[in-house]
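Below you'll find the structure, written out as structure tokens, and then a few comments.
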Amino acid sequence: MSPLAPERIAELKGLLSGKMIPFREEADLSVHCSFKIGGVCPILVEPDSSEQILEALDFFSKLDMPWKILGGGTNLLISDHPDDLVVLRLGGIFKEYEDLGGGRFRIGAATNTTPVFRQISQKGYTGAEFLSTIPGWTGGAVIQNAGCYGGEFFDLIEEVEFLRDGKILKSKPERIAHGYRYTEFLERKDSIILTIEIRLEPGDLNEIENSLKEKRDKRNSSQPKNKKSAGSMFKNPKIYENGAEIKAWQLIDRAGLRGKTIGGAQISPEHCNFIVNTGSAKASEVDALVRIVREKVDKECGIRLDREVEYFGTVP
């Protein structure tokens, strides 16, 4: 796609300013993702409320401007040249959560999962400890049905509030298609998660604290330390060998790709289902490694791995 025309950007700025919708020009997107990879987008719009989201989307439609929503950026590879779209990033009320009583919580899509779910767990409620180890924003974790250590987000959700086709909708989890690291929101890119409601059971605070520590220690021991990455690059293929599940990292290791490097991107020697940015990696270099992994694992093991990390914009 072609870069957005300056006159259209100027017109959008005027419309946003008229409605007092916050925005930033020439925004470096690399600072908004854990990979620390990504180029500069012409305009980053940061609405504070549902009303501002609807107004902004109306402006994008009138000006025929493509757009994408950006969350916490922890499971994302951002394009080196995101100059062909407008980026939407939620702020304001979406960064808050509310204790509704009785183990029920309403959580904004722009809240950070790690501190929020640690705080909720430390109130004496159990079942969400695993989410305290998953970085990023709640909205993105919902979209991917994030999970680990035997838990998935949709195990806890009672209701999802989201925007689709210009309408604010609420839906129970059983009415939303979802599964392992999947929800229908991955395909319906026009949907924006706004808030969720969850319900947890009361638990013993000492046991909860032990569970939080156990999961935090396990996470820290199993991932590359102090490295810039987007988490696990590939989904586990859900196949078994001698009764044991084969993990994506094992297949990548068998293919002899541990430590493989292209430019500033490297398949981590510590955990080879992670691609790490060694300092100056580009999205195109990460994508080149992804292609090599998929082709070589397919050739050596007869298994085609699926990406878990989402691409944002045109990659490479």
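The values are calculated or read from the model by the stated rules, or taken from the named source; none is laboratory data. Source: prediction; values computed, not measured. So basically every Cβ, Gly included, is an ideal-geometry build from the backbone, and we count neighbours across all protein chains shown. The area values use the complete protein model at the heavy-atom level, side chains included, leaving out ligands, DNA and RNA. Shrake-Rupley method; radii C 1.70, N 1.55, O 1.52, S 1.80 Å.
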Problem set entry | Top-ranked residue of the stretch 165-184 - restricted to ones that are within 14 Å of Gly140 (Cβ to Cβ) and at pLDDT below 95, ranked as surrounded by the most Cβ atoms within 10 Å (Cβ to Cβ) | Arg181
For this session: Return yes when Lys282 is buried (at least 18 other Cβ atoms within 10 Å of the Cβ), touching a helix residue (DSSP H, G or I) at 6+ places or on another chain (Cβ under 8 Å) and basic (Lys, Arg) and no when it is not.
Result: no
Exercise. Only one residue in Gly243, Gly279, Gly313 is in contact with a Pro (Cβ under 6 Å, 6 or more places away or on another chain) and of a type outside the set (Val, Ile, Thr), so which one is that?
Worked result: Gly313
Exercise. Limited to the stretch 1-55, what total is found for residues that are over 21 Å from the mean Cα position of the chain (by Cα), farther than 23 Å from Leu194 by Cα and of a type in the set (Asp, Glu)?
Worked result: 4
Exercise. What's the number of the condition Trp249 fails, among (1) assigned to a helix (DSSP H, G or I); (2) assigned by the TED database to the domain that holds Leu131?
Worked result: (2)
For this session: Mind counting the residues in the stretch 161-175 that are under 18 Å from the mean Cα position of the chain (by Cα) and aliphatic (A, V, I, L, M)?
Result: 1
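Every residue, every condition in (1) over 16 Å from the mean Cα position of the chain (by Cα); (2) β-branched (Val, Ile, Thr); (3) buried (at least 18 other Cβ atoms within 10 Å of the Cβ), yes or no:
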| position | (1), (2), (3) |
| --- | --- |
| Ala110 | no, no, yes |
| Lys123 | yes, no, no |
| Gly136 | no, no, yes |
| Leu156 | yes, no, yes |
Seminar exercise, completed: Listed by range, strands (runs of 3 or more DSSP E) wholly within the stretch 41-89 having at least 1 residues that are touching a Cys at 6+ places or on another chain (Cβ under 6 Å) are 76-78, 86-88
For this session: Only residues that are more than 22 Å from Lys218 (Cβ to Cβ) and assigned to a loop (DSSP other than H, G, I, E, B): list them for the stretch 252-275, please.
Result: Ala255, Gly256, Leu257, Gly259, Lys260, Gly263, Gly264
Seminar exercise, completed: Apart from one, (1) more than 14 Å from the chain's Cα centre (by Cα); (2) closer than 29 Å to Glu55 by Cβ; (3) open to solvent by less than 20 Å² (accessible area, probe 1.4 Å) all hold for Leu200; the odd one out is (2)
For this session: For Leu77, indicate whether it is open to solvent by less than 60 Å² (accessible area, probe 1.4 Å), within 22 Å of the chain's Cα centre (by Cα) and at pLDDT 95 or above.
Result: yes
Exercise. With respect to Phe162, is the statement that it is assigned to a helix (DSSP H, G or I), aromatic (Phe, Trp, Tyr) and surrounded by 16 or more Cβ atoms within 10 Å (Cβ to Cβ) true?
Worked result: no
Problem set entry | Number of positions in the stretch 1-59 that are within 13 Å of Leu70 (Cα to Cα) and either surrounded by fewer than 17 Cβ atoms within 10 Å (Cβ to Cβ) or not assigned by the TED database to the domain that holds Leu77 (or both) | 2
Problem set entry | Long-range neighbours under 6 Å by Cβ, at least six apart or interchain, first residue within 22 Å of Glu310 (Cα to Cα) and of a type in the set (Ser, Thr, Tyr) within the stretch 205-230, second modelled with pLDDT of 95 or more and not in a loop (DSSP other than H, G, I, E, B) | Ser229/Phe274; Ser229/Val276
Exercise. So which residues in the stretch 285-300 are of a type in the set (Lys, Arg), more than 12 Å from Ile267 (Cβ to Cβ) and over 23 Å from the mean Cα position of the chain (by Cα)?
Worked result: Lys299
